[in-house]
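**Q** Have a look at this one before I ask anything.
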There are 4 protein chains.
Amino acid sequence: MIIIMSKDVSEDQIGAVVKKIQDLGHEVNISRGTKRIVIGAIGDESKLDPELFDTMPGVEYSMHIVKQYKIVSRESHRQDSVIDVRGIPIGGKQVQIIGGPCSVETQEQMDLAAQQVAAAGCRLMRGGAFKPRTSPYTFQGKGVDGLGIFRKAADKYHLPIVTELMDVRMLDTFLEHDVDVIQIGTRNMQNFDLLKEVGRINKPVILKRGLSATISEWLMAAEYIAAGGNHNIIFCERGIRTFETAYRNVLDVTCVPVLKRETHLPVIIDPSHAGGKAWMVPALARAAIAAGADGLLVEMHPNPCEAWCDADQALNPIELKELMGTLKGIAEIIGRTL
Amino acid sequence: MIIIMSKDVSEDQIGAVVKKIQDLGHEVNISRGTKRIVIGAIGDESKLDPELFDTMPGVEYSMHIVKQYKIVSRESHRQDSVIDVRGIPIGGKQVQIIGGPCSVETQEQMDLAAQQVAAAGCRLMRGGAFKPRTSPYTFQGKGVDGLGIFRKAADKYHLPIVTELMDVRMLDTFLEHDVDVIQIGTRNMQNFDLLKEVGRINKPVILKRGLSATISEWLMAAEYIAAGGNHNIIFCERGIRTFETAYRNVLDVTCVPVLKRETHLPVIIDPSHAGGKAWMVPALARAAIAAGADGLLVEMHPNPCEAWCDADQALNPIELKELMGTLKGIAEIIGRTL
Amino acid sequence: MIIIMSKDVSEDQIGAVVKKIQDLGHEVNISRGTKRIVIGAIGDESKLDPELFDTMPGVEYSMHIVKQYKIVSRESHRQDSVIDVRGIPIGGKQVQIIGGPCSVETQEQMDLAAQQVAAAGCRLMRGGAFKPRTSPYTFQGKGVDGLGIFRKAADKYHLPIVTELMDVRMLDTFLEHDVDVIQIGTRNMQNFDLLKEVGRINKPVILKRGLSATISEWLMAAEYIAAGGNHNIIFCERGIRTFETAYRNVLDVTCVPVLKRETHLPVIIDPSHAGGKAWMVPALARAAIAAGADGLLVEMHPNPCEAWCDADQALNPIELKELMGTLKGIAEIIGRTL
Amino acid sequence: MIIIMSKDVSEDQIGAVVKKIQDLGHEVNISRGTKRIVIGAIGDESKLDPELFDTMPGVEYSMHIVKQYKIVSRESHRQDSVIDVRGIPIGGKQVQIIGGPCSVETQEQMDLAAQQVAAAGCRLMRGGAFKPRTSPYTFQGKGVDGLGIFRKAADKYHLPIVTELMDVRMLDTFLEHDVDVIQIGTRNMQNFDLLKEVGRINKPVILKRGLSATISEWLMAAEYIAAGGNHNIIFCERGIRTFETAYRNVLDVTCVPVLKRETHLPVIIDPSHAGGKAWMVPALARAAIAAGADGLLVEMHPNPCEAWCDADQALNPIELKELMGTLKGIAEIIGRTL
């Protein structure tokens, strides 16, 4: 930790800061510059906090110099982590495209979707049984019945399933239905009680980025899961909120190389929610894979026009298949497979 | 709902849209402009959704023309709602300043804080027993014990208590401790399961704005609570996330006149979390009351330097008392009391 | 300047950084922490740049510890600067409200506006002869003729005039018309050639904040003017761009206390452009003065409905007069006059 | 244009709006819904403005239904425009990578850079003679001498040159040096006088997106150039400003498919300024081409560590060459060449 003293600091004020650092069990380095005096606290930084010093007289500001995430950091684990989902690797050389509808509607719809997802070459399937909706008056998902429908449809094609958990009280039900990958949605990225609970189990978790979460907050949210013992975490970028109104969100591809540097965990992208329109999905999906993402969450519906939610962002089965071909080509150019 | 057809739309495409509107039980108005044809769907708009039309051939875009919130809207309830908290009105002529520390620490600290809050002229007290923290390695609050400590301290001075509920499983405990006002924090503004639960009880709820929530999303989140039957909702602005890094968040005072127009419910402001520094609080608090806010949530700690969290944003007791005097003057200038 | 070395830095890499600092004429302090080694460069920081070090092997990142603005900083000039505009002080105890229409339209309109602005108690007048408009197909201002009309109308009521300069080639014309305060608009905050030119003259300059300019960039833009010799600079906040779409921009009142700490120069606020609607102006104007702003730029039009631009954000003369009364009350509460 | 009347509108208020529309030479369509009455103005929408109606009693809000840009719109010109720069096409099947240093430093540096840019396979070269810098105390570019140095270096390798124009008074000098492509920088995207001037000449213009400019504002800025007669406009995305601080800006790849739909003009991307670090450039460059960009502006310096500005974002010659190989592969996968 570094404490920058203000211009007219007194020796007494410096002494007080030095004493506080020493009382907290750290050593001190003082650098007397021409404009500012900088005090360094030497020792385990995670035990200190800028708040401890910012209120002291004579302190201009203080800051950590090391990132506060540990288990999820690349610094703590140099090699890429590859997460195994029923034999399918996420985060390795092979790119994974997770396809499926926004929401579980009927057994027929899910059976058809599963068949089409598998036919397109996807190895995992997505679908929502519990839907977070802005309005209380719109369709909120099929609920527990939806989990059963999804499980049945996906099993026929040996597709592990990915579905969103919103309510901590539903975790047992998810485990009973043997959900393969639990998705934490963008609105719950900092629902810390939920993060702690999925940190206690051993299922892979897709942690979507909050709509305006910084990279650092996102990594700290993952640290909540990891601190509980569950290191099977997959980051999923899904567009961030900005000033732009011409599209729903702005897909932040820069987060891919940055996360790859900061963490050993896999990073995937959801191009469907980012843009919010099906016609934007192929361009965004290509950009994601080209940028180095380990996979995608892509919405596909057997008949997008009749989807019960987010109808205008789902690809149809033919579009998904075509996209898979292009993505395969891009993956190979950068030394990966699909 | 209005559906704007694209430039080269065919009569068949228009016919399909007209048929869909009629099938959904609405009437149709067609306006043939020089550049675009606009189709109006006449009837209960809440039964329609832009997604239903945006995927149809020949449709450029479609939009609601009426806001989607109902119970919380000023349109449904012209008079200001005044919420009663154990005899103290929020949302009426009298402005309420809710003071207290960031977090419950010890019985001594809370006893002292309660005495000081009351002495400064505040009629309600705030304090956190459960703290949402960015890092899993920092103090997470005293938990259930904290509720007891808080209750005991506040009762001595007849101060109703305001405290944050993060986990739906804790609601019963909050009711057992007879928490007077339940606060839903910024990270949980769209934790819909939590909103539904507090919608089922009758306690006043302070709904903080999400860090990057639009006014419309915030009103819809309140609608989740209201739809369950609980109309005792107080909006609390606490700073929004922008590009600016010189302060923690940007306090959005414009939301005050705008919410006052859109909803009949009270609007308060938290100047402490907005700026993140105690020295900014007086200016922001004055701006909030001058803009027409119905109250404030202000952090005060008996000894800010030793606060266990957010130390640099708490006022000390003397600063709070001085601020109350200034706010009283401003309130009177605009025809209110404090 | 502080250079934070990466975890696995070698002694050779440290040596190279030390040598570079010494070659640039600075002294060195090395602080060897448990996780990171931090190198301090001691001397005139403005001669160093993070870029000089960030590309060197073994460097994690580097940063200035002192702000880069000088002349405009409070650190260089402790007392508040009061700017004199033909005898009217801006930045002192007295708050100044600068009223007038968005744009100069006709002599009649400006004569009437000047009379009403003076009658309301304003001591300066605003009006645009050159208008920056998003579309090339809308009214672009009366141009040079507008300056003459404005000058004539304002002189009758002894009101100094404030008007926007967009094109560096028009500066001489502004001087010929003896414009009292030159306004640099939000879109030109970083038009550095324009800033340099107004830095060479001695007229007061209102520097509006760029739509997404940070406080630091804004202060640096002012430093461009000040570096040329013109220290008569007034900062004007006019709303920033965020994700919110319910109003045009978000008025950032937090910038008032923060600028007051960082700079000795006056700070005013434009509540009209911020919200974009006349009905929001009173609440925002009150908040601005309560927060400590030294004045306001407020739009008033003799007949808002017929204004040639921004019709929906102008107050009418009666509304302006009423607002002045309220603002006077608030100013007095916080120890100022109006 | 559509005018939505408020809930309790009177017939007189409707009549006034109808009369105003008719007086302005338009026809009227009235749609009486269950909750709102919507009035359509039929005729040339560009002659109307929401401001004309928003101030009228009984009007809730009004809006254009057609986009306000014309010449640059895809609607006015269905085919892709291909811009010819001394025989090199921008916007066609072939992707163009424009390489070169941030700033012109010396003849030796530029000669070497030109040779390396050509050797890597780039067909155009970039370099700044006038540099917009946040601080007035940093290197501001070599100025006019820099243009001569650049011209001489590039001519040896038959590379057309791209360089930034900041000051309208320098346009003649740019023409004298026969600059092949004039770049308008991000800070000047809405410097309307500068846009008008480059609209009067016939040189290709690269129009960089403002740091927080919406797609719509950007297209309108291009319309300023086009309205003057110069249709040789190339859009360049270079990262937008958001809340994220882990990288300089967020590269907005979504703008590529969206602009391709809205305009017939070419779209290129600057991955160097977006991320601000050389190690991010390859991932962003790949994403840009994969998303469908027509080209890139990439910084390369013969010796990045010694660059006079933006040292940490320039690739070295070897990195540029490697990147060109990967981009060629991606271009071919999506049916283009490089």
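**Q** With chain D treated as a Gaussian network of Cα nodes joined by springs under 10 Å, which of D:54, D:294, D:111 yields the largest mean-square fluctuation?
**A** Ranking D:54, D:294, D:111 by mean-square fluctuation puts D:54 first.
**Q** Output, in nm with one decimal and in ascending order, the distances from the residue A:121 label point to the matching label points of the other copies (7 Å from Cα along Cα-to-Cβ).
**A** Copy-to-copy label distances for residue A:121: 2.4, 7.2, 7.5 nm.
**Q** Considering only DSSP beta bridges where both residues belong to the protein assembly as shown, give the percentage that are antiparallel (nearest 5).
**A** Around 40 percent of the beta bridges assigned by DSSP in the protein assembly as shown are antiparallel ones.
**Q** Shifting gears a bit: What average count of beta carbons from other chains do you get within 10 Å of the Cβ of residues in B:274-286? Numbers along the way, then the final one.
**A** Numbers: counts 2, 4, 2, 6, 2, 3, 7, 1, 5, 12, 7, 2, 10.
Shielding by partners across B:274-286 averages 5.
**Q** Averaging sequence separations of C-alpha pairs under 8 Å and six or more residues apart, then dividing by the length of segment A:268-329, give the relative contact order as a whole percent. If you can, show how the numbers build up before the last one.
**A** Working: 79 pairs, mean separation 22.5, N = 62.
Relative contact order, segment A:268-329: 36 percent.
**Q** Provide an ascending nm list, one decimal, of label-point separations from residue C:133 to the equivalent residue in each further copy; define each label point as 7 Å from Cα along Cα→Cβ.
**A** Label point to label point, same position, other copies: 3.8, 4.4, 5.7 nm.
**Q** Over chain C, what relative contact order in percent results from Cα pairs under 8 Å that are six or more residues apart?
**A** Averaging sequence separation for qualifying contacts and normalising by length gives 16 percent for chain C.
**Q** May I ask you to derive the relative contact order of segment D:2-63, considering only C-alpha pairs under 8 Å and at least 6 residues apart, and to give it as an integer percent?
**A** Relative contact order here is 47 percent.
**Q** So, R0 is 22 Å and r is the distance between the beta-carbons of residue A:79 and residue C:16; what FRET efficiency does that work out to, to 0.05?
**A** 0.15
**Q** While we're looking at this one, here's another question. Take peptide A:234-247, look around each residue's Cβ out to 10 angstrom, count Cβ atoms belonging to other protein chains, and average those counts.
**A** Per-residue shielding by partner chains comes out at 6.
**Q** Within chain C, which whole H helices from DSSP have a Cα span along their axis of at least 24 Å and a mean Kyte-Doolittle hydropathy of 0.0 or more, if any?
**A** C:317-333
**Q** Please average, across the residues of D:189-196, the number of beta carbons from any other chain that are within 10 Å of each residue's own beta carbon, and give a whole number. Working shown, then result.
**A** Working: counts 1, 10, 10, 11, 10, 5, 1, 3.
Partner Cβ neighbours, averaged per residue: 6.
**Q** Follow-up. Of the listed peptides A:43-50, C:302-309, what is their order by residue-averaged count of other C-beta atoms within 10 Å, with the highest listed first?
**A** Listed from highest to lowest mean packing, they are C:302-309, A:43-50.
**Q** Could you give, in nm with one decimal, how far residue D:8 is from each other copy of that position, shortest first, with labels 7 Å out from Cα toward Cβ?
**A** For residue D:8, the other copies' label points sit at 4.9, 5.8, 7.3 nm, shortest first.
**Q** Kindly work out what percent of the DSSP beta bridges joining two residues of chain A are antiparallel, to the nearest 5.
**A** Approximately 40 percent, going by the DSSP bridge assignments.
**Q** Mind jotting down the distance between the C-alpha centroids of segment A:201-243 and segment A:80-112, whole Å?
**A** When both Cα centres are located, 18 Å separates them.
**Q** While we're on this one: So, R0 is 30 Å and r is the distance between the beta-carbons of residue A:169 and residue B:133; what FRET efficiency does that work out to, to 0.05? Don't jump to the answer; show the numbers that get you there.
**A** Values: r = 23 Å, r/R0 = 0.76.
Rounded to the nearest 0.05, the efficiency is 0.85.
**Q** Sort chain A into rounded, prolate or oblate with this rule: let a ≥ b ≥ c be the square roots of the eigenvalues of the Cα gyration tensor; rounded if a/c is under 1.5, and if a/c is not under 1.5, prolate when a/b is larger than b/c, oblate otherwise.
**A** Values: a/c = 2.37, a/b = 2.17, b/c = 1.09.
Prolate, because a/c is 1.5 or more and a/b exceeds b/c.
**Q** Label point 7 Å out from residue C:318 along Cα-to-Cβ: which residues of segment D:34-76 have amide N under 18 Å?
**A** D:55-58
Quick note: the coordinates plus some simple rules give every number you see, no bench work behind them. These figures come from a predicted structure and were not determined experimentally. Neighbour counts are summed over all protein chains in view; Cβ atoms, including those assigned to glycine, are modelled from backbone coordinates with ideal geometry.
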